[in-house]
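The structure appears below as structure tokens.
Please treat every number below as a calculation from the coordinates, not as lab data. Please read all numbers here as calculations on a predicted model, not as lab measurements. FYI the Cβ positions are ideal-geometry reconstructions off the backbone, even for glycines, and counts take in every protein chain you see.
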């Protein structure tokens, strides 16, 4: 039996890598489209009075909307899919604080030392919300922050799932979940805690 030459070994390795790549992509599960939130009444008493619009090429930015949808929601926040969610004009709420060092950053919660367990920020430039959890149990703190955000925006859980948002935990609180977007507990794909 003749030993394989260096070129033969390289060719064999290349064929093996190409075969493994083909198998990896062939066996990968297909992407799943998320259905839009239905319009109607939801558990918890939230009323979705303005349907979330998706798709399209909307380039809208947050701002006042003429009229009202009946629920007092007259501020439009773009969604991650290009649609819109009508919210209360939370930026005018007296409990919302403006970051004095970062223009366009607002604290919906957490700027007050009485709320040391989490913070909720809104970044005007990309219309996104960030919930940062600062204490254990992180599952309980996430739910408290979610309730606070839903109340301030005046929206339902299904509508919140369409927002541009992240739920984060620093490594000093929980290294297992640090650097990972935990998602809202009620949205598809959320990390169970």
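Cα gyration tensor of segment 79-169, axes a ≥ b ≥ c as square roots of the eigenvalues: rounded (a/c below 1.5), prolate (a/b > b/c) or oblate?
It comes out oblate by the Cα gyration axes.
Placing dummy labels 7 Å off each Cα toward the beta-carbon, the span from residue 81 to residue 191 is 2.5 nm. In plain terms, the chain from residue 99 to residue 176 could stretch by 24.8 nm, reckoned as 0.36 nm per residue minus the Cα-Cα distance. The simple spin-label model puts a point 7 Å past each Cα toward its Cβ; for residue 168 and residue 135 those points are separated by 2.1 nm.
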